[in-house]
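Each value in this text was obtained by applying a stated rule to the coordinates, not by laboratory testing. Keep in mind that this is a model prediction, so the values were computed, not measured. Cβ atoms come from the backbone with ideal geometry, glycine included; neighbour counts cover every protein chain shown.
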């Protein structure tokens, strides 16, 4: 197949603009973050000190910012710190959210992909429609639904199914509900894009060879949508690990996620270097497994081969 | 009607109808397919042949009618419950599975022991000569090889009926001729009853034992390639299969063993009788290769006409002439190039005679 060839200046421009964007707004901030994570805490006027010693002028890396993440100062063992707890909790909830989104999003995407082509734009619009309302408003709306005096409890009370309100808000459940609700479209869209391309004749071939509809789905549709599943999973999981707003608004006070910890270090303790170190570790926790995965499987968009 | 389920009526469709909303795709089709034969459904696109095949496979449910396999109605069975396997037009090989797993897919669904599957897949790979490619993925094979994998996959379960949907449609012309014979050899070696769909009359004639010519959801004629070619039953069939000259007129002689049709060109004699009345509108079909052409008047009594050569096309193995008669009728004539100079003396605007024997023409009654 002939590849689309752009003329040289055109190609430079097309590749160059996003590259510059990424360097200026992604790479540079990350380097600044990395820099701050290796310096001493500052004072109220400047939140961190320069990396070289003001008297000797020598380079002075402060590894304690990282060390203290893994080893608590008050006699606890290795990895027994509130930071590690927050990381584990964040990853766990992000995983739960991604799995919930997958379980809910897969049938939905499948349904859209198999519906009449004339219906699909309308159905996809319904997936994207919530984006037209402010994200904060939508999360606040869940407060109205889940609160003790909220719509859900009042309905259940009125129906006589419960005698007193159930505590739903500020629990793990309310937080997962909120996160799943907000991130569902990020699962649906890549899955849909993948499923809609699937050749229906492959399913017919599976039926023809004796596979029941369920077997055909499991042995043909699911493996062929692997790339979509992985893409959707990553799009939900990665932002969820660092999610700050939803846990703050809907989550319980005892289950602190890493986003909240970084916030507290930054604005309550005014410890920018530690906040930076926490953020760098978080990026590492996500990027390293991802890089390893890509290394062994190649581009997930090509995974179907 | 012959007894149900006999060898001659192995696969039977009875008044099979498929309607999509208001459009009738398949209209009361009655077919009897013999055990072990290769049967072709031939027609242009939209004639209903694919819908008919999909009903046999179970992908479409008939609106009415029955599909009998050995006397058992299978029309309402799901595709995975029928002993029919299909080779898809673009093969529909599973891209995520290798060749071995593609062929084993159907066998695994039967829950056979692993050793049996191993053996059967091995046999199939041998049959289509792809053993060295067992661990490749479909996209790593050429079109011809993919076609053989598709064939092996559809034969692996020893189906009672093999369905072929445009089996050679995805191959280029040169490869097609070669594959055509290979495919027939394999199917005959296995001895499976085979129903194929094609729009290519050459493909149908070389591969199939019998052909059903379809148009607008109906079967117009069923017969061997020779029957369909030499004795077309209708204008459509005559025109669809190969090239034909059609002469319209009225029946002027009506005898049991011969007849004649008066056309604007003159009377045309045919050496077979027709059931009908004098003066009934009739058409005569004459194949271009059955017409002779020369500058000298031949000695024959019948079917000799004069005209002027308007076009000559050289096809290598044969020439095609378009000769126009005085009344404006354009007649197509082909002559084989048996020697290198024979017909070269006939050229544009020459006055020529053309004629054919009484047995060359066929009377069509629609």
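Computed quantities for the displayed model
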| quantity | calculated |
| --- | --- |
| Chain A - percent relative contact order, Cα under 8 Å, separation 6 or more | 25 |
| Ratio Rg/Rh [Cα only; Rh per Kirkwood] for the range A:201-248 | 1.32 |
| Degrees, to the nearest 10: A:226-241 long Cα axis against longest axis of chain A | 30 |
| Antiparallel bridges, percent of DSSP beta bridges restricted to the range B:7-236 (to nearest 5) | 50 |
| For the range B:134-222: relative contact order, % (alpha-carbon pairs under 8 angstrom, 6 or more apart) | 25 |
| C-alpha center-to-center spacing [the range B:1-70, the range A:69-88] in angstrom | 73 |
| Theoretical gain in end-to-end length, residue B:271 to residue B:20 [0.36 nm per residue, Cα-Cα removed] | 85.9 nm |
| D_trans [Stokes-Einstein, Kirkwood Rh over alpha-carbon pairs] for chain B, 20 °C, 1.002 mPa s, µm² s⁻¹ | 92 |
| Distance histogram for the protein assembly as shown (every C-alpha pair counted, 20 angstrom bins, percent rounded to whole numbers) | 13, 30, 27, 17, 9, 3, 0 |
| In degrees, nearest ten, helix B:99-109 long axis to first principal axis of chain B (Cα) | 70 |
| Compactness of the range B:243-364, expressed as Rg and Dmax over alpha-carbon positions, Å | 14.8, 48 |
| The range B:174-288: relative contact order in percent, alpha carbon pairs under 8 Å with at least 6 residues between | 17 |
| Sorted largest first, extent of the range B:272-329 alpha carbons per principal axis (Å) | 43, 23, 23 |
| Whether the range A:1-142 is rounded, prolate or oblate, judged on the alpha carbon gyration tensor where a/c under 1.5 counts as rounded | oblate |
| FRET efficiency, 1/(1 + (r/R0)^6) with R0 60 Å, evaluated for residue A:154 and residue B:142 via beta carbons | 0.35 |
| Cα-Cα pairs of chain A separated by more than 28 Å (percent) | 57 |
| Euclidean distance of C-alpha centroids, the range A:130-169 and the range B:125-192, integer Å | 61 |
| The range B:148-293: mean projected area of Cα convex hull, nm² | 11.7 |
